[in-house]
Amino acid sequence: ENTIQHDKWVSDEEAMALLRITSRTTLQKLRDMGSIRYSQPSRKLILYDRESILNYLESHAKETF
């Protein structure tokens, strides 16, 4: 069995790729609104919680008819 281990915390580039967005402003807006979790271990480093990004996407999914 091939199981892929993903990091719990991802960079802003990885977060943007998961969300399929290209704007850092949109990423900051999601962070500021509390839509996705983040951690700021140092002044210039912000990491995003992969699980909260996936939960955010799932919460906006539309059911098929």
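The values are calculated or read from the model by the stated rules, or taken from the named source; none is laboratory data. It should be emphasised that the depicted structure is a prediction, and the values quoted were computed from it without experimental measurement. Neighbour counts run over all protein chains shown; Cβ positions are idealised from the backbone, glycine included. Surface areas here come from the heavy atoms of the whole protein model, side chains and all, with no ligands, DNA or RNA. Shrake-Rupley method; radii C 1.70, N 1.55, O 1.52, S 1.80 Å.
When segment 12-25 is examined, which residues are found to be out of contact with any strand residue (DSSP E or B) (no Cβ under 6 Å at 6 or more places or on another chain) and either open to solvent by less than 30 Å² (accessible area, probe 1.4 Å) or acidic (Asp, Glu) (or both)?
ASP12, GLU13, GLU14, MET16, LEU19
Using beta carbons and a limit of 9 Å, which pairs, at least six apart or on different chains, have the first residue in segment 26-40 and open to solvent by less than 90 Å² (accessible area, probe 1.4 Å) and the second one charged (D, E, K, R) and in a loop (DSSP other than H, G, I, E, B)?
That search, which allows pairs on different chains as well, returns ARG31/ARG37.
Given the criteria without any contact (Cβ under 8 Å) to a residue 60 or more places away in the chain, open to solvent by 40 Å² or more (accessible area, probe 1.4 Å) and of a type in the set (Phe, Trp, Tyr), does TYR48 qualify?
Against the criterion (without any contact (Cβ under 8 Å) to a residue 60 or more places away in the chain, open to solvent by 40 Å² or more (accessible area, probe 1.4 Å) and of a type in the set (Phe, Trp, Tyr)), TYR48 does not qualify.
Any residue at all in segment 3-22 that is touching a helix residue (DSSP H, G or I) at 6+ places or on another chain (Cβ under 8 Å) and assigned to a strand (DSSP E or B)?
yes
Which of the residues belonging to segment 8-23 are touching a Leu at 6+ places or on another chain (Cβ under 9 Å) and farther than 13 Å from LEU54 by Cα?
SER11, ASP12, ILE21
Look at segment 43-65 and say how many of its residues are closer than 13 Å to LEU27 by Cβ and in a helix (DSSP H, G or I).
Residues that pass the stated criteria total 3.
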